[in-house]
Each structure stands twice: as C-alpha cells, then as structure tokens.
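The next block holds one structure in the form of structure tokens; read it before the comments.
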C-alpha cells in the first residue's frame with residue numbers, strides 16, 4: 001500500500017494564516033522511491049515532516065500501509081528519517097549512534113548489537129563501529145545516519161536533502177548507493193530534494209510541487225519529456241520558454257522553425273519549452289548567408305566543460321543557451337551559425 005495522502009493541507013498559525021500545503025493527494029507505492037521536488041518554500045519539506053509525524057495536519061488524512069496514521073505520533077508510525085545534517089551524537093561511537101533507537105525502544109542488548117552490525121554492513125561500514133563521527137568523512141557520516149534509520153526496520157524511510165552537504169563526486173556515489181539499497185531491500189522511500197538531476201537519477205516517481213500544490217506527478221521520463229506546464233518544463237532541466245503559434249495542420253511555428261508536438265495542441269498561441277541539449281548547431285555561416293527553415297544565431301560566449309561546451313547565442317527569438325558535445329570545434333565570439341532542433345528535448349505547454 002505504501003503512503004497515501006488524501007486532501008492533506010497544512011498551515012502555520014490560525015485559520016486566517018495562508019496554507020503552505022494545499023489539499024494535496026498522492027500515493028507512494030510500496031517498495032518504490034518517490035522524490036518530492038521543488039524550489040525553496042514550495043512545501044516539500046513540510047510534506048515530508050507530515051509523513052514522519054513531526055508536523056500535524058490542518059486537514060486531510062495520511063495512510064501508511066493502509067493504516068490511518070493522521071493522529072499518531074512519530075514513534076507510532078514505523079517511519080525512519082535521514083536528515084540533511086545527519087544528526088549524529090558526537091560523543092557516541094558509530095555503533096552507539098546506530099543502535100541508539102533500538103536501545104531506547106528496549107531491544108535486548110545483544111540483539112541490538114547484532115542488528116546494528118548488520119545495518120553497518122549493509123551500508124559498507126563494517127569495521128567502523130568503534131570510530132567517533134569526528135573521525136569520519138562526510139560520506140561516511142551519511143552512511144552512519146542511513147544505517148541508524150535502516151536498523152529500525154521501518155515500513156517507510158524518509159530522506160530530507162540527504163546529499164546537499166557532500167561534494168559533487170560523493171553526491172553521485174551516495175545517490176547510487178541509496179537507490180541500490182532501496183531496490184535491493186524493497187524499501188518504501190519518500191525523498192526530498194531541490195536537485196533535478198538527483199531526482200531523475202533515483203526516482204520511480206517524481207512529484208513536483210509549486211506554492212504548496214502538486215504541479216505534476218509522474219515518472220522521471222514523463223516530467224522531463226512531457227511537462228504539462230511552463231513551471232515544470234523550466235524547473236526540470238533548465239528549459240527555456242519561447243512564444244510560438246500552433247497551426248491548423250497540427251504543427252507549431254517557432255520563429256523560422258516548424259515543430260510537430262507529441263500531443264494535439266489547439267490552434268493559437270502556445271509556449272514552447274526547449275532544453276539546452278535539444279539545439280543542433282550547424283556549420284559556420286559566412287557574412288549575410290542564411291539557411292532556410294533554420295534559426296540564425298551569433299555566438300556571444302562559450303565555456304568549455306570537458307565533455308560538453310556551453311554556448312550563448314543571440315537570435316531573433318532572443319538569447320539562447322545551448323549545450324553541445326562539439327568540444328573539438330574552435331568556437332569564437334561573433335561566429336554565425338544556423339540552429340535547428342533535434343527530435344527530443346522540446347515540449348509544447350499551456351500558455
């Protein structure tokens with residue numbers, strides 16, 4: 001059954017205070033990982049804390065594995081949470097931190113020790129049980145926090161921005177570890193982040209929140225390739241938005257370019273979301289030269305990033321940002337090119 005939100009709302013303060021979560025419905029299927037994604041202040045962390053029982057609901061109902069937990073406290077929900085700050089006890093060694101929840105729950109000492117050692121083994125920290133948190137790297141501290149959550153054998157595991165304190169390489173490594181562990185153990189996970197690439201990499205389902213409401217929910221591919229609004233399109237992958245015209249024949253005109261949208265669009269003004277990698281950069285043009293049905297562009301800036309190059313162009317549609325794999329090309333400011341669009345990375349959304 002997993003987690004089921006039914007018309008859940010939350011406000012801080014009296015009845016006249018604004019809602020920070022506005023009557024949302026969603027399901028996190030059992031054994032899956034759902035990421036709640038959105039900008040700061042959208043309500044994603046409040047939503048996670050309501051699952052944990054750390055915030056009371058103003059309205060609605062929460063079910064976990066079919067049981068109504070709306071009015072149950074955190075200790076009654078069989079839920080564990082991994083915090084952004086890790087929240088390790090600095091005076092306790094690793095095994096003391098991991099077994100802490102078992103000790104306060106009255107689990108026999110030997111059983112608590114065995115379960116803690118097994119949990120540390122699951123996260124790759126066998127042999128570290130005697131160390132203090134101050135003797136561990138950031139990634140190792142994150143693993144201890146994960147082991148402490150897993151040792152309680154929760155029905156639901158919650159992550160609140162778990163990788164934000166790690167450097168880029170460690171974030172990728174821990175992200176992959178969390179996903180692998182979730183799939184191997186069949187855990188039901190709700191995961192909060194503001195990082196789109198992180199969400200795309202780990203999720204079975206992504207819920208994008210905007211101003212306390214759900215803007216769109218679906219698979220990573222759904223949200224990236226088929227956004228239903230300008231907000232979702234621009235939030236998922238740096239898409240740029242342009243005004244276009246949907247024509248009677250079903251195509252969409254974007255400046256000199258003609259597109260065929262993936263779904264039927266009513267004739268009239270539309271918004272076209274184009275991701276940086278969707279642009280194809282043609283050959284360099286001579287002065288005054290143009291290419292039919294292509295967008296003429298003048299290079300204003302380039303940045304070499306190793307595997308790709310970032311390009312900024314001036315066009316009749318305005319500034320355009322392009323990510324190209326053509327790193328061997330000698331890019332020079334002032335060069336003119338004809339831009340066209342690849343099949344993917346382009347979405348037509350509601351105005």
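The values are calculated or read from the model by the stated rules, or taken from the named source; none is laboratory data. All values derive from a computational prediction rather than experimental measurement. In this analysis, Cβ positions are derived from the backbone assuming ideal geometry, glycine residues included, and neighbour counts consider all displayed protein chains.
Listing for the model above:
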| quantity | calculated |
| --- | --- |
| Matching residues, segment 206-226, being within 27 Å of residue 312 (Cα to Cα), in contact with a strand residue (DSSP E or B) (Cβ under 7 Å, 6 or more places away or on another chain) and modelled with pLDDT of 90 or more | 223 |
| Residue identified as without any contact (Cβ under 8 Å) to a residue 60 or more places away in the chain, assigned to a loop (DSSP other than H, G, I, E, B), at negative phi and in the same structural domain as residue 152 (by TED's automatic domain parsing) among 130, 106 | 130 |
| Test: residue in segment 31-39 that is in contact with a helix residue (DSSP H, G or I) (Cβ under 6 Å, 6 or more places away or on another chain), assigned to a loop (DSSP other than H, G, I, E, B) and modelled with pLDDT under 95 | yes |
| Members of segment 109-127 that are part of a loop (DSSP other than H, G, I, E, B) and over 30 Å from the mean Cα position of the chain (by Cα) | 126, 127 |
| Those residues of segment 304-315 which are touching a strand residue (DSSP E or B) at 6+ places or on another chain (Cβ under 7 Å) and either surrounded by fewer than 11 Cβ atoms within 10 Å (Cβ to Cβ) or over 15 Å from residue 330 (Cα atoms) (or both), in sequence order | 313, 314, 315 |
| Test: residue 205 is over 26 Å from residue 63 (Cα atoms), within 18 Å of the chain's Cα centre (by Cα) and assigned by TED's automatic domain parsing to the domain that holds residue 36 | no |
| Single residue of segment 64-83 satisfying the filter (in contact (Cβ under 8 Å) with a residue 40 or more places away in the chain and surrounded by fewer than 17 Cβ atoms within 10 Å (Cβ to Cβ)) that is farthest from residue 136 (Cα to Cα) | 66 |
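Let's see how each residue does on (1) in contact with a helix residue (DSSP H, G or I) (Cβ under 7 Å, 6 or more places away or on another chain); (2) touching a residue at least 40 places away in the same chain (Cβ under 8 Å); (3) within 28 Å of residue 221 (Cβ to Cβ); (4) not in a strand (DSSP E or B):
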residue	(1), (2), (3), (4)
292	no, no, no, yes
301	no, no, no, no
306	no, no, yes, yes
310	no, no, yes, no
326	no, yes, yes, yes
330	no, no, no, yes
334	no, no, no, yes
337	no, yes, no, no
344	yes, yes, yes, yes
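Residue-wise test of (1) modelled with pLDDT of 90 or more; (2) surrounded by fewer than 18 Cβ atoms within 10 Å (Cβ to Cβ); (3) within 17 Å of the chain's Cα centre (by Cα).
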residue: 134; (1), (2), (3): yes, yes, no
residue: 137; (1), (2), (3): no, yes, no
residue: 144; (1), (2), (3): yes, no, no
residue: 157; (1), (2), (3): yes, no, yes
residue: 161; (1), (2), (3): no, no, yes
residue: 166; (1), (2), (3): no, no, yes
residue: 173; (1), (2), (3): no, yes, yes
residue: 178; (1), (2), (3): no, no, yes
residue: 182; (1), (2), (3): yes, no, yes
